[in-house]
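The values are calculated or read from the model by the stated rules, or taken from the named source; none is laboratory data. A quick note: this is a predicted structure, and the numbers were derived from the prediction, not measured. As a convention, Cβ positions derive from the backbone with ideal geometry for all residues, glycine included, and neighbour counts pool all protein chains shown.
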Amino acid sequence: MTNIFDDLPWHEYDELDDLECEQPGLSLSLEQLVGLAKALESALRSCDGTLRVAQEWARGAEVGWPQLRHELEENGGFCDCEVVLNVLGGDFDRIFDDDGAGPD
C-alpha cells in the first residue's frame, strides 16, 4: 500500500535538527522567553487589553521595553493574552479560567 504522505517534503528528514521551526521574532534569550511566558501565565486570569504584565516583566528583567513592545506587536501580541496566544503559542483553555474570561 502506498503512503499518501510520501510526496510531502518532511518525510525526507531523518533528524529533527534538520527541521526549521518557526519561532517568534524576538530578541529575547531562551531563558528570558521562558521567564516572560511564566510571568504571563501566572498573572493572566482575564485580559485587560494592555501589555501591563509583559511591561512589568520587562522592567524586572531589565529588558528594553520599547524594542520588546515593538517585537511583540510585530508578532501579533497587542495585549498580554495575545502575547500568550499569538506570540508564545499558548493554550487558551489551560491558561484562562473557565468562567468565560479570555481575550477580547
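Data for the structure
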quantity	calculated
Selection count, the stretch 59-73, where residues are assigned to a helix (DSSP H, G or I), in contact with a helix residue (DSSP H, G or I) (Cβ under 9 Å, 6 or more places away or on another chain) and under 13 Å from Leu28 (Cβ atoms)	5
Filtered residues of the stretch 42-73 (kept if under 17 Å from Gln32 (Cβ atoms) and either among the polar types (S, T, N, Q) or touching a residue at least 24 places away in the same chain (Cβ under 8 Å) (or both))	Ser42, Ala43, Leu51, Val53, Ala54, Gln55, Ala61, Val63, Gln67, Leu68, Glu71, Leu72
Condition met for Gly35 (modelled with pLDDT of 90 or more and loosely packed, with under 15 Cβ neighbours inside 10 Å)	no
Restricting the stretch 75-104 to residues that are over 12 Å from the mean Cα position of the chain (by Cα) and outside any loop (DSSP other than H, G, I, E, B), the residue that is modelled with the lowest pLDDT	Ile95
